[in-house]
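Before any comments, here is the structure.
The values are calculated or read from the model by the stated rules, or taken from the named source; none is laboratory data. The structure presented is a predicted model; accordingly, all values stated were derived computationally and were not measured. Note: ideal-geometry Cβ built from the backbone for every residue, glycine included; neighbour counts use all protein chains shown. Protein only, heavy atoms only, side chains kept; ligands, DNA and RNA dropped before computing areas. Shrake-Rupley method; radii C 1.70, N 1.55, O 1.52, S 1.80 Å.
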Amino acid sequence: MKSGGAIPFRENAKRSLRDPDLRRAMRAAVGTFGSKRESAVQSLPGFEEYRERAAETKSKVIENLEEFVNLFREKARERGVVVHDAPDAETARKIVGDLFRERGVRLAVKSKSMVTEEIHLNEHLEKMGIEVLETDLGEYIVQLAKESPSHIIVPAIHRDRKQVAKLFSEKLGVPYTEDVEELTKVARRTLREKFLAADAGISGANFLIAQTGSVAIFTNEGNGRMVTTVPKLHVVVTSVEKVIPSLEDLALFSRLLPRSATGQVMSSYLSLITGPRREGEGTGAEEVHLVLLDNGRRDIARSDYRDILRCIRCGACMNVCPVYRVVGGHAYGSTYPGPMGIVLTSALQGLEKSHPIVDGSTLCGACAEVCPVKIPLVDLILALRREKVRRGLTPALERAGMRAFGKAASVPQIFSAYQQYAHSIWPLAKIFGSPAGKKFPRPERKSFVKRVRDAGED
Ligand code: SF4
């Protein structure tokens, strides 16, 4: 686990809470996803069984990671894919950079990939003088705004239509319009020219099929197909836990991923790329390279947090999380926000850096309820909180307060005395400026137990 400055989650969250535009955009977007997911799930009888099978499948892969990765690597190589192993982010960046330098790449088009965000690939390539253009509409918006994605499926979820209209007119010099179709047309026009001029395409992968050495990519905009087939060179940047055993398993995950992600029964496009273009084929890149990133994942597979590697990046846990829904993704200060982000960021970067975000959960359990691969997110977040306390990463005052409360709550006489007098002493908290006194409602005059007892005596 690496060290470094801790993520300023509280400060970030406070800033988000003061931003009415962000709150409005988040409310509108996540609400829609929730209801769409609900009806898509209802349309699939046996959804629970599918979740169970998906969780088992991913667990089997994580337990035997090397075996499945080796099988995938062997099959992909047989089909002509050049597979590069990248133990860390720096190596992954160097592999792509060297490939582009050797082939004289000046312009690369890119479809959405969180792994490339994780390794900061764009910044690296741009420093080399290579233009990298995001072609997913949401990613294109955040790239124009010089921001990072705030959701793993909907990168520009924090921006409303008016903000996008202003951004397009400022950055692209087009007349201001809030018409979504017109805005999409503007983006499409700009991107089309770039697709045709690009020397390379960069994509991620949703799944890697060990049985066939194929890369599976789910998209809704068709840009994924252009990125992977129009330029001569296609580079897939992905991570080891994306491997699944077979095409049959892909059929299982294709029932779960679109439903959980966008509430669709199926994504608009599912591309299966099995090697470069062969003789007689009309489309496809002439050269396909695949960068297989570890960046700490093999360590996670051996740790108590291994279940997070089952994640298929659907984003459903974010859409239902009461904390994510108000603070948005940027508050987490990491590539991966929301409940899955709390766990994955901590496992990848270490608690020294991530410990403030482990408090960013109400532990309500909604995330674990919707997770299509049944990741016990609440248990994992609780385990992180325990580790945080054990390692002395909580503030001293909080530790002392919780210790005192723990002692008091475990002695019934002290606890009932507190219940009896809490109502009377609560105003003192306000006088002394305690945050608790400002935020929590005043305790009732009678405790719940006393009220039940009194009711019984009536
Ligand atoms: S943790 Fe589960 S719900 Fe959250 S993104 Fe991953 S698969 Fe989806």
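Given the convex hull over the Cα atoms of segment 193-297, what projected area results after averaging over all orientations, in nm²? The partial results should precede the final answer.
Numbers: hull surface 29.8 nm².
Projected area, direction-averaged: 7.5 nm².
Amide H to amide H, which residues 5 or more places from Ser214 or on other chains are under 5 Å from it, using H placed in the peptide plane?
Ile209
Counting other Cβ atoms within 10 Å, which chymotrypsin sites (Phe, Trp or Tyr not before Pro) in segment 152-259 have at most 11 and lie in a DSSP loop?
Answer by residue number: Tyr176.
Could you provide, to the nearest whole Å², the per residue accessible area of the chain with probe 1.4 Å? Don't skip to the end; give the middle numbers.
Working: 22300 Å² over 458 residues.
Per-residue accessible area for the chain comes out at 49 Å².
In segment 329-397, which trypsin sites (Lys or Arg not before Pro) fall in coil by DSSP and have 15 or fewer other Cβ atoms within 10 Å? Show your work: numbers first, answer last.
Numbers: sites: Lys353, Lys374, Arg385, Arg386, Lys388, Arg390, Arg391; in loops: Lys374, Arg391.
Those that pass, being in a loop and sparsely packed, are Arg391.
Of Lys110/Lys185; Lys127/Lys162; Lys14/Lys162; Lys94/Lys162; Lys94/Lys374; Lys162/Lys194, which ones are farther than 28 Å apart at the Cα? Could you put the intermediate results ahead of the total?
Numbers: Lys110/Lys185 19 Å; Lys127/Lys162 32 Å; Lys14/Lys162 23 Å; Lys94/Lys162 39 Å; Lys94/Lys374 35 Å; Lys162/Lys194 26 Å.
Among Lys110/Lys185; Lys127/Lys162; Lys14/Lys162; Lys94/Lys162; Lys94/Lys374; Lys162/Lys194, the Cα-Cα distance tops 28 Å for Lys127/Lys162; Lys94/Lys162; Lys94/Lys374.
At 1.4 Å probe size, what's the solvent-accessible area of Arg403? Round to the nearest 10 Å².
140
At 222 nm, what value in deg cm²/dmol follows for the chain if DSSP H runs of at least 4 each add -39500 (n - 2.57) and the sum is divided by all its residues, to the nearest 500?
Values: 23 runs with 249 residues, N = 458.
Mean residue ellipticity at 222 nm (helix-derived): -16500 deg cm²/dmol.
Under a Cβ-Cβ limit of 4.7 Å, which cysteines in the chain have nobody to pair with?
So far as the 4.7 Å Cβ criterion goes, Cys311, Cys314, Cys321, Cys364, Cys371 stand without a partner in the chain.
Please state the shape class of segment 327-390: rounded when a/c is under 1.5, otherwise prolate if a/b exceeds b/c and oblate if not, all from the C-alpha gyration tensor.
Numbers: a/c = 1.64, a/b = 1.22, b/c = 1.35.
It comes out oblate by the Cα gyration axes.
Can you tell me the mean projection area, over all orientations, of the convex hull of segment 62-298's alpha carbons? Units nm², please. Intermediate results must be reported in sequence, preceding the final value.
Values: hull surface 52.1 nm².
The directionally averaged projection comes out at 13.0 nm².
Quick check: net charge around Ala261, other residues with Cβ under 9 Å of its Cβ, Lys/Arg +1 and Asp/Glu -1?
In short, +3.
Run down the lysines and flag those whose C-alpha is under 23 Å from the C-alpha of Lys450, throwing out any fewer than 8 positions away in its chain.
Within the straight-line cut-off, Lys450 pairs with Lys407.
Which three lengths, in whole Å and largest first, does the chain cover when its Cα atoms are put on their principal axes?
88, 55, 46
Where the only charges are on Cβ atoms (+1 Lys, Arg; -1 Asp, Glu), what is the dipole of segment 62-298 about its Cα centre, to the nearest 20 debye? Display every interim value, and only then the final one.
Numbers: 32 positive and 36 negative charges, 112 e Å.
The calculated dipole for segment 62-298 is roughly 540 debye.
Explain nothing, just compute: Karplus ³J(HN,Hα) = 6.51 cos²θ - 1.76 cosθ + 1.60, θ = phi - 60°, for every residue of segment 334-349 in order, whole Hz, x for Gly and Pro.
For segment 334-349, the Karplus-derived couplings read 8, 4, 10, x, x, x, 5, x, 4, 6, 5, 4, 5, 5, 7, 10 Hz, x marking Gly and Pro.
Could you work out the mean projected area of the convex hull around the alpha carbons of segment 248-346, in square nanometres to one decimal?
Numbers: hull surface 36.4 nm².
Dividing the Cα hull surface by four gives the mean projection, 9.1 nm².
Could you compute the net charge surrounding Phe207? Neighbours are other residues with a C-beta less than 11 Å from the C-beta of Phe207; K and R count +1, D and E count -1. Don't skip to the answer; put the middle values down first.
Values: positive: Lys58, Lys242, Arg313; negative: Glu241, Asp249.
After counting each charged neighbour, the total is +1.
Which whole-Hz couplings ³J(HN,Hα) result when phi for each residue of segment 306-314 is put into the Karplus expression 6.51 cos²θ - 1.76 cosθ + 1.60, θ = phi - 60°, listed in order with x for Gly and Pro?
4, 4, 5, 6, 6, 3, 9, 6, 8
In terms of solvent-accessible area of protein heavy atoms at a 1.4 angstrom probe, what is the ranking of Thr394, Thr229, highest value first?
Details: Thr394 15, Thr229 45 Å².
Accessible-area ranking of Thr394, Thr229, largest first: Thr229, Thr394.
Please state the charge dipole magnitude for the chain, taken about the Cα centre, from unit charges on C-beta atoms (+1 on K and R, -1 on D and E), reported in debye and rounded to the nearest 20. Before the final figure, lay out each step's value.
On the way: 70 positive and 57 negative charges, 357 e Å.
Using only the charged Cβ atoms, the result is roughly 1720 debye.
Once the other residues with Cβ under 13 Å from the Cβ of Arg103 are scored (Lys, Arg +1; Asp, Glu -1), what is the net sum?
Working: positive: Arg101, Arg106, Lys232; negative: Asp98, Glu102, Asp199, Glu286, Glu287.
Once positives and negatives cancel, what remains is -2.
Over the chain, with every protein chain in place, what whole percent of the accessible area is carbon and sulfur at 1.4 Å, could you tell me?
Its accessible area is 53 percent carbon and sulfur atoms.
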